[in-house]
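Reviewing the structure listed below.
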Amino acid sequence: MKITLNGTPQETGADTLAALLDEMGYTHARVATAVNEEFVPAPSRDAHSLADGDRIEIVTPRQGG
């Protein structure tokens, strides 16, 4: 399926947000996620289905000063 991940067109075989995170190497990372501009909390990622054309944002925390 075709999605947009962090602004970049991407092909994926993942059918859930959790599966996409695994596919992209974020299995144990602490990240914030949104699908189509709507925040998806970590406990909901396994049940959040993806569809062709979805826009996904994965944001990692940064330390600053």
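We did not get these values from a lab; they are worked out from the coordinates using the rules stated. Just so it is clear, the structure is predicted and the values come from calculations on it, not from any experiment. When we count neighbours, we look across all protein chains shown, and the Cβ atoms used for this are built from the backbone with ideal geometry, even at glycine.
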Spin-label pair ASN36/ARG62, simplified geometry with 7 Å Cα→Cβ offset, distance in nm: 2.9
Prolate/oblate/rounded label for segment 1-43 (Cα gyration tensor, a/c 1.5): oblate
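Give, rounded to the nearest 20 debye, the magnitude of the charge dipole that the chain has about its Cα centre when Lys and Arg contribute +1 at Cβ and Asp and Glu contribute -1 at Cβ. Please list the in-between numbers first.
Numbers: 5 positive and 10 negative charges, 63 e Å.
So the dipole magnitude of the chain works out to roughly 300 debye.
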